[in-house]
Amino acid sequence: MPAPRTVLLTGAAGGLGTLMRGLLPDYGYELRLLDVRPIEGEPDAVVADLVDKEALREAVRGVDAIIHLAGISLEAPFEKILRSNIEGTYNLYEAAREEGVGRIVFASSNHAVGFTPRPQGDDPLIPIDAPRRPDTFYGLSKSFGEDLAQLYWDKFGLETVSVRIGSCFPEPTSVRMLSVWMSPADGARLLHAALTAEGVGHTVVYGSSANTRLWWDLTSARSLGYEPQDDSEPYAEKLIAEQGDLDPDNIAHAYLGGHFVSDPPIWPY
Ligand code: NAI
Ligand code: 15L
């Protein structure tokens, strides 16, 4: 596949979309933006809902690849998740297939495997092929997205890199995030690797920086050519002094998904 140049960024108005709008042009991409919300200062952005199949077909026409960030990004009632994350992601894949787009980078989430116990002590890092254990309807929708991506690769030859993002924010804000944080700069590095690596078929990767307290194995991400440059460790002393260290008796510290495993999930995480 020739290196993609024109890339549709869905969810461009959101937190991660805003960060990536700032960083990805430095890699030479021309971004076409899409979100259900208008984006200030971006009059050419496509304002469309993922349920609008015609609008999606038009939005994907002529792009080399898609970064799919749009959707509900936290737990929500099942009906809402079904509409935006499950039907919406299906609609986008159908539009991509119909218009011959070769690759999608899908924003999956650590919450597809959120009920995996986090490593303690000398436990090995969590492998990428650990069984999926969604912690929410939200995590379930990411699990669906990964299976949809596999189907579209096996049946239609549409490639996907599913990135199980940890926490991509400017700084880690919790002790859990010391393990799962992905700096925005590493996020852009990983998306670039996912867009340009050869022959990915459907590849699933964890998305984080090279954190000292990492919980999962970044081998599959590195196999794309991703070389993380950041580590959350400089934030550790302050966060642990403020919040205390991880407590093995606290359910929200016991699993990858943090507070998402509680019923209902407790915010902030
Ligand atoms: P966000 O909630 O800030 O942004 C999501 C964007 O999607 C919003 O701008 C929203 O308007 C748009 N959207 C929602 N439903 C839509 C629909 N039906 N049609 C069109 N647009 C719609 O979330 P954030 O943090 O930017 O995350 C982006 C993606 O990355 C999400 O899919 C999220 O699940 C995933 N992710 C993010 C993580 C993070 O640390 N920020 C961690 C793991 C996954
Ligand atoms: C996610 O999947 C969410 O979209 C994001 O807002 C964070 O909560 C992140 O996971 C996390 O686990 O910290």
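The values are calculated or read from the model by the stated rules, or taken from the named source; none is laboratory data. Predicted, not measured: the structure shown is a model, and the values here were computed from it. Backbone-built Cβ (ideal geometry, glycine too); neighbour counts: all protein chains shown.
Condition (residue is touching a Pro at 6+ places or on another chain (Cβ under 9 Å) and β-branched (Val, Ile, Thr)) applied to segment 141-162: is it met by at least one residue? No - not one qualifying residue is present in segment 141-162. In segment 89-129, of all residues being outside any loop (DSSP other than H, G, I, E, B) and among the hydroxyl-bearing types (Ser, Thr, Tyr), the one that is nearest to ligand 1 (Cβ to nearest atom) corresponds to Ser109. In the set (1) in a strand (DSSP E or B); (2) within 16 Å of ligand 2 (Cβ to nearest atom), Leu74 fails one condition alone, (1).
A count restricted to segment 255-269 and to residues that are at pLDDT below 95 and in a loop (DSSP other than H, G, I, E, B) stands at 8. The single condition among (1) closer than 20 Å to His259 by Cα; (2) surrounded by 19 or more Cβ atoms within 10 Å (Cβ to Cβ); (3) among the aromatic types (Phe, Trp, Tyr) that Phe78 does not meet is (2). If you go through segment 144-173 and keep only what is of a type in the set (Gly, Ala, Ser) and within 12 Å of ligand 1 (Cβ to nearest atom), you end up with Gly145, Ser162, Gly166, Ser167.
For (1) more than 13 Å from ligand 1 (Cβ to nearest atom); (2) farther than 26 Å from Ala185 by Cα; (3) in contact with a helix residue (DSSP H, G or I) (Cβ under 8 Å, 6 or more places away or on another chain); (4) modelled with pLDDT of 95 or more, each residue gets a yes or a no:
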| position | (1), (2), (3), (4) |
| --- | --- |
| Thr10 | no, no, yes, yes |
| Leu16 | no, no, yes, yes |
| Leu19 | no, no, yes, yes |
| Tyr27 | yes, no, yes, yes |
| Asp35 | no, no, yes, yes |
| Leu50 | no, yes, yes, yes |
| Ala55 | no, yes, no, yes |
| Ala59 | no, yes, yes, yes |
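Looking for something surrounded by 22 or more Cβ atoms within 10 Å (Cβ to Cβ) and within 16 Å of His111 (Cα to Cα) - is there at least one such residue anywhere in segment 216-239? Looking for residues that are surrounded by 22 or more Cβ atoms within 10 Å (Cβ to Cβ) and within 16 Å of His111 (Cα to Cα), one finds at least one in segment 216-239, hence yes.
Where residues in segment 130-156 are over 17 Å from the mean Cα position of the chain (by Cα) and outside any helix (DSSP H, G or I), which of them is surrounded by the most Cβ atoms within 10 Å (Cβ to Cβ)? Walk me through it before giving the result.
Restricting attention to segment 130-156, the residues satisfying the condition of being over 17 Å from the mean Cα position of the chain (by Cα) are 130-131, 151-156.
Next, only the ones that are outside any helix (DSSP H, G or I) stay: 130-131.
On the way: Ala130: 14, Pro131: 7.
It comes out as Ala130.
Yes or no: segment 108-129 includes at least one residue that is crowded, with 22+ Cβ neighbours inside 10 Å, hydroxyl-bearing (Ser, Thr, Tyr), touching a residue at least 24 places away in the same chain (Cβ under 8 Å) and away from ligand 2 (no atom under 15 Å from the Cβ). Scanning segment 108-129 turns up no residue that is crowded, with 22+ Cβ neighbours inside 10 Å, hydroxyl-bearing (Ser, Thr, Tyr), touching a residue at least 24 places away in the same chain (Cβ under 8 Å) and away from ligand 2 (no atom under 15 Å from the Cβ). If you go through segment 190-212 and keep only what is crowded, with 24+ Cβ neighbours inside 10 Å, of a type outside the set (Phe, Trp, Tyr) and closer than 15 Å to Ser109 by Cα, you end up with Leu190, Leu191, Val205, Gly207, Ser208, Ser209.
Quick check on Ile67: is it surrounded by 23 or more Cβ atoms within 10 Å (Cβ to Cβ), within 26 Å of Pro127 (Cβ to Cβ), free of Cβ contacts under 8 Å to residues at least 60 places away in the same chain and within 14 Å of ligand 1 (Cβ to nearest atom)?
Details: surrounded by 23 or more Cβ atoms within 10 Å (Cβ to Cβ): yes; within 26 Å of Pro127 (Cβ to Cβ): yes; free of Cβ contacts under 8 Å to residues at least 60 places away in the same chain: no; within 14 Å of ligand 1 (Cβ to nearest atom): yes.
No, not satisfied.
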